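Taking it in order: structure first as structure tokens, then the write-up.
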């Protein structure tokens, strides 16, 4: 690696670090307001800023021009930096190991929402805010990375599928520069967060709880201020429906929201959004009927909880309004399917993404038609646009890598003595950035029982999933480091 590459990466990482330290002032203000011991947090944040500022000064006059390899390495290093920076306050203020602090921070920034804390309500308010803030930063950070660095690194990724010609959403047509698009996306993100906070507050949730849950909802993260998650507020269906609505819109491509703000609804008229809403509605109805048979819920209560939990897992938020593992085997099966699907490309949600399933189904149908009609020329169209073979091959490559990565994590967990259901659901929950799974990591449980080595593996799994797999595995290729 030459000096030019080092300077490029160093300037990017130090800039991210300084920005992060400024945002970390929010938990400090919360600590001061609630008269908590925030001095150690200030000392950490000041040190963190000065370290990054020092490295920034070393390369302040250097003009960054990232190559694809530098972008790949930078993105991977950013997630490591976030995990370390976010984990230090957790280690300082709570009685956990270094690895558990790193895991919690990675879970926060990747918007996974898996937690190692058994008694969340005993945590200081500034740490509760810190956890939710990591979600909120990570949520929009993911989108900005998607329209910026990740689109450079992997031009055939899931966002490309969404940006088919008929959607009318092309970055160069929205704004002349990606940074302008990122700014406008942040404005929408802030608007959604403020609106969600306001509605939850007037519906009876305390302001502190409201802003924390708004941070976690819009980022589709899942950290809560309560041990029973949103189930703590289950007696108020209006709160559940408000969070359900914001989870659903946060699971839609934010470029569609940006286009809508400019007076164009074409971003919502895609096959991905269509199937996203169809899946949400149909599975919610099926789960409502099943829950009514297995619980003492009346139909509206069953429909409210079913819709909430489907939205939570479909968007990979990870909130829980009740322990759905008690709803019976059919419900567990349906929830398991929802976990695998994920939200829309270009949203804050994780998972495989619906557009990939749409494309995969169309390719399978096309191949069946080719068998029946060997001489026919059959192309694959999404949103009335023919997809090139490189996009199709990249999509199926992602499916293979997703299965392969899950298999590695499942085998590791199962070999270490965890049962099959827990091993499989933990792997999918971490790589898919979902959070809760089934068995030992069910909606009423947490990740505290895992050993530090296990948590390291699961932390990597969360990062791999958030980087849509390709970006991480590229660093492991020997050819990546040749002529760097």
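Some notes on this structure:
- Using a Förster distance of 56 Å, the FRET efficiency for residue 363-residue 43 (Cβ separation, nearest 0.05): 0.50
- Ellipticity estimate at 222 nm from DSSP helix runs (n ≥ 4, -39,500 (n - 2.57)) divided over the chain, nearest 500: -21500 deg cm²/dmol
- With a Förster radius of 22 Å applied to the C-beta separation of residue 266 and residue 180, the computed FRET efficiency comes to 0.65.
- Relative contact order (%) - criterion: Cα under 8 Å, at least six apart; region: the chain: 18 percent
- Dividing the mean sequence gap of close Cα pairs (under 8 Å, 6+ apart) by how many residues region 327-484 holds gives a relative contact order of 19 percent.
- Summary of the geometry: region 101-140 and region 340-377, compared by the centres of their Cα atoms, lie 34 Å apart.
- Rg and Dmax over the alpha-carbon atoms of the chain stand at 21.9, 76 Å.
- Per-selection Rg to Rh, region 220-378 - Cα, Kirkwood hydrodynamic radius: 1.06
- Gain on full stretching of the segment that runs from residue 401 to residue 15 - 0.36 nm per residue minus C-alpha separation: 135.8 nm
- Pairs of Cα atoms farther than 26 Å apart, region 361-484, %: 42 percent
- Anisotropy class of region 274-361 from Cα gyration tensor, a/c 1.5 cut: prolate
- With a simple spin-label model that places each label point 7 Å from the Cα along the Cα-to-Cβ direction, the separation between residue 333 and residue 476 comes to 3.3 nm.
- One chain, two ends: residue 122 and residue 235. Fully extended at 0.36 nm per residue, the span grows by 38.4 nm beyond their Cα-Cα distance.
- FRET efficiency for the residue 92 to residue 453 pair, using the beta carbon distance and R₀ = 22 Å, is estimated at 0.45.
- Shape call, region 1-146: gyration tensor on alpha carbons, a/c limit 1.5: prolate
- Relative contact order (percent, whole number), region 228-350, Cα cutoff 8 Å, 6+ residue spacing: 35 percent
A short reminder: the numbers here are calculations on the coordinates, not readings from a lab. Note that this is a predicted model, so its numbers are computed, not measured. Glycine gets a Cβ as well: all are built from the backbone with ideal geometry, and neighbour counts include every protein chain shown.
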